[in-house]
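Peer 1: My questions all concern the structure below.
The values are calculated or read from the model by the stated rules, or taken from the named source; none is laboratory data. Please read all numbers here as calculations on a predicted model, not as lab measurements. With ideal geometry, Cβ positions are generated from the backbone for all residues, glycine too; neighbour counts draw on all protein chains shown.
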Amino acid sequence: MDAFADKLGRVGAWCGQNKYLGAIKNAFQNFMPATIAGAIGVLWTNVLVNSGTGLGALWSGIMALEFLNPIFAAIQFATISCISIGIVMLVGQEIAEANGETGAYPAVLSFIAWLVVTPTTTYVWKAGKEIATGVVLPAGKEALTTVGGISSSYTGATGLFTALIFGILSMEIYGWLRKQDALKIKMPEQVPPGVSRAFEVLIPTFIMLAIVGAIGHFLYLGTGFYVNDLISHYIQEPLTHIIGNSLVPVLLMYVLISLFWLVGIHGNNMLAAVKEPIFRPLLYANTAMFKAGAKSGYNTFNLTMLQMFGEWGGSGVTLGLVFAIFMFGKREDNKAIATLSIVPGLFNINETVTFGIPLVLNPILGIPFILAPVACVALGWALISMGFCPPVCIEVPWTMPPLFLGFLATGGSIMGAVSQLIAIVLATVIYVPFVIAYEKYQNKQAAEA
């Protein structure tokens, strides 16, 4: 056990110290308030003030607020539909700071680099009034005209991998160029510091943008596709299909998250750089379908779905452990910890029970700590697949209490709350026999002391 924990600890330490994984994790965490604001916009226009699919169908009085819908729709577009813009700036800033840069200029420069490889022309064609963003039109469809502008398919979640790759690449190139003294334009001391710095970064800025632009241009000449489309088709979509829409890889991911926690490492933080780029686009694809009134075609797995079934009460769905202790625990020390843990657990914060019991390096409770989230995620997959639980389509704050989370995440469906209640019961049942066994072990240890 100690040898395994030591090896897993070394892996966790490497992940925690990796510049790129840390930058991706921090970028998504820093952008989270904006995405939550966008999710509120979706809830307003589709769940509350909506006469077709929302509360407005049951209570017409709320439709008096419909004049506010354009405001909330604009908030949703500026956040969720433009997430790639925010992420490329934030991840670029993280990389630049890791390389010793300061100020806001690297974030702006990352955005410019992304813009250099992003098409600014949209092609409109016949047969369904669809809009394409590349120059290769589908067979049998005649182009009508071109429209200046950037497609939301590039600014939204489908452009996330491009944003991450070029946010990192541009700042690594820029950082290397900044270290070359020959590229610095030295100004006299009498020149104000701001002007002097602007000239100092001028040549590195131009060379970096030229390199990034050349990458995008020559890839287009060689393949006929823009960088965004290549990355989407050959990296993001395959990863999403292999990991994001398959049960076994998702379950293995939760096993790994729990194993990290059992050796004292924040498992979710370790894998955030993997989860976010893969499962967030799946969530926003569901959001777009929900807004369009789609009845089928939703992704089963996405970021909020995993929170709803695999992370309620915190990693290891430890609120189930708290309930099991309340119902079957006999020891006062465990009940005291459970009492302290119940309120934070309702907001999906579980450090109190994780380190209070403790679960770290606990060979007995470590088993259900792994099994319970895996079982709950598998349950969620089954309930959604059979149509019992509506697809998860709305992002909600990770601190949203269980049941409320299920209700809101499924677009205001009571079956979402019922499905999460079933998961809570399942996790509690899984924890019960191990709580009983652990207390017997504790009593034996106390008797021998």
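Peer 1: Are any of the residues in the range 383-393 surrounded by 18 or more Cβ atoms within 10 Å (Cβ to Cβ) and under 30 Å from R331 (Cβ atoms)? Spell out the reasoning first.
Peer 2: Of all residues in the range 383-393, those surrounded by 18 or more Cβ atoms within 10 Å (Cβ to Cβ) come to 383-384, 389-393.
Checking the rest, the ones that are also under 30 Å from R331 (Cβ atoms) come to none.
Looking through the range 383-393, none of the residues is surrounded by 18 or more Cβ atoms within 10 Å (Cβ to Cβ) and under 30 Å from R331 (Cβ atoms).
Peer 1: Quick check: is even one residue across the range 416-439 more than 28 Å from P358 (Cβ to Cβ) and of a type in the set (D, E, K, R)?
Peer 2: no
Peer 1: Shifting gears a bit: Considering each residue of the range 291-313, count those that are closer than 25 Å to T399 by Cβ and at pLDDT below 90, and give that number.
Peer 2: Total satisfying the criteria: 1.
Peer 1: Looking only at the range 395-406, which residues are over 17 Å from G244 (Cα atoms) and surrounded by 20 or more Cβ atoms within 10 Å (Cβ to Cβ)? Outline the logic, then answer.
Peer 2: Quick first cut of the range 395-406, residues over 17 Å from G244 (Cα atoms) only: 396-406.
Residues satisfying the conditions are V396, M400, P402, L405, G406.
Peer 1: Another question, if that's okay. For G380, state whether it is under 21 Å from L252 (Cβ atoms), more than 23 Å from the chain's Cα centre (by Cα) and at pLDDT 90 or above.
Peer 2: So G380 fails the test.
Peer 1: Taking G224, is it assigned by TED's automatic domain parsing to the domain that holds I87 and touching a strand residue (DSSP E or B) at 6+ places or on another chain (Cβ under 9 Å)?
Peer 2: It is false that G224 is assigned by TED's automatic domain parsing to the domain that holds I87 and touching a strand residue (DSSP E or B) at 6+ places or on another chain (Cβ under 9 Å).
Peer 1: Let me ask another. Give the residue that is farthest from F260 (Cα to Cα), with candidates limited to residues of the range 271-316 that are basic (K, R) and assigned to a helix (DSSP H, G or I).
Peer 2: Only one residue fits best here, namely K291.
Peer 1: Let me ask something else about it. Please go through the range 62-99 and pick out each residue that is of a type outside the set (A, V, I, L, M) and under 10 Å from F31 (Cβ atoms).
Peer 2: Of everything in the range 62-99, those that are of a type outside the set (A, V, I, L, M) and under 10 Å from F31 (Cβ atoms) turn out to be T79, G86.
Peer 1: Out of the residues in the range 121-173 that are of a type in the set (F, W, Y) and buried (at least 21 other Cβ atoms within 10 Å of the Cβ), state the one that is modelled with the highest pLDDT.
Peer 2: Looking at residues that are of a type in the set (F, W, Y) and buried (at least 21 other Cβ atoms within 10 Å of the Cβ), I get F166.
Peer 1: Going by the structure shown, is M89 under 17 Å from the mean Cα position of the chain (by Cα) and modelled with pLDDT of 95 or more? Write out each step before concluding.
Peer 2: Working: under 17 Å from the mean Cα position of the chain (by Cα): yes; modelled with pLDDT of 95 or more: yes.
Yes.
Peer 1: So, one more: Of all the helices (runs of 4 or more DSSP H) wholly in the range 154-256, which have at least 2 residues that are over 30 Å from L306 (Cβ atoms)?
Peer 2: Filter on the range 154-256 gives 160-178, 193-200, 202-223.
Peer 1: Count, please, the residues in the range 328-348 that happen to be of a type in the set (A, V, I, L, M) and in contact with a Ser or Thr (Cβ under 6 Å, 6 or more places away or on another chain).
Peer 2: Number of matching residues: 1.
Peer 1: Can you spot a residue in the range 365-377 that is under 18 Å from F279 (Cβ atoms) and part of a loop (DSSP other than H, G, I, E, B)? Break it down into steps so the answer makes sense when it comes.
Peer 2: Filtering the range 365-377 for residues under 18 Å from F279 (Cβ atoms) gives 373-374, 376-377.
Then keep just the ones that are part of a loop (DSSP other than H, G, I, E, B); that gives none.
No: the range 365-377 contains no residue that is under 18 Å from F279 (Cβ atoms) and part of a loop (DSSP other than H, G, I, E, B).
Peer 1: Sticking with this structure for a sec: Can you work out which of the residues in the range 338-364 that are hydrophobic (A, V, I, L, M, F, W, C) and assigned to a helix (DSSP H, G or I) is surrounded by the fewest Cβ atoms within 10 Å (Cβ to Cβ)?
Peer 2: Residue satisfying both the conditions and the ranking: V343.
Peer 1: Oh, and also: Considering every residue within the range 317-330, establish whether at least one is closer than 20 Å to L252 by Cβ, touching a residue at least 12 places away in the same chain (Cβ under 8 Å) and assigned to a helix (DSSP H, G or I).
Peer 2: Checked against the condition, which is being closer than 20 Å to L252 by Cβ, touching a residue at least 12 places away in the same chain (Cβ under 8 Å) and assigned to a helix (DSSP H, G or I), the range 317-330 yields at least one hit.
Peer 1: Quick check on the range 268-324: of everything there that is closer than 30 Å to V432 by Cβ and among the aromatic types (F, W, Y), which residue is surrounded by the most Cβ atoms within 10 Å (Cβ to Cβ)?
Peer 2: The selected residue is F309.
Peer 1: Further question on the same structure: Which pairs have Cβ atoms under 8 Å, sit 6 or more apart or on different chains, and link a residue in the range 333-355 that is in the same structural domain as Q307 (by TED's automatic domain parsing) and over 9 Å from G314 (Cβ atoms) to one that is of a type in the set (D, E, K, R) and at pLDDT 90 or above?
Peer 2: Cβ pairs passing all conditions: N334/E439.
Peer 1: (1) at pLDDT below 85; (2) out of contact with any Leu (no Cβ under 9 Å at 6 or more places or on another chain); (3) not in a helix (DSSP H, G or I): which one isn't true of N268, the others all being true?
Peer 2: It fails just one condition, (3).
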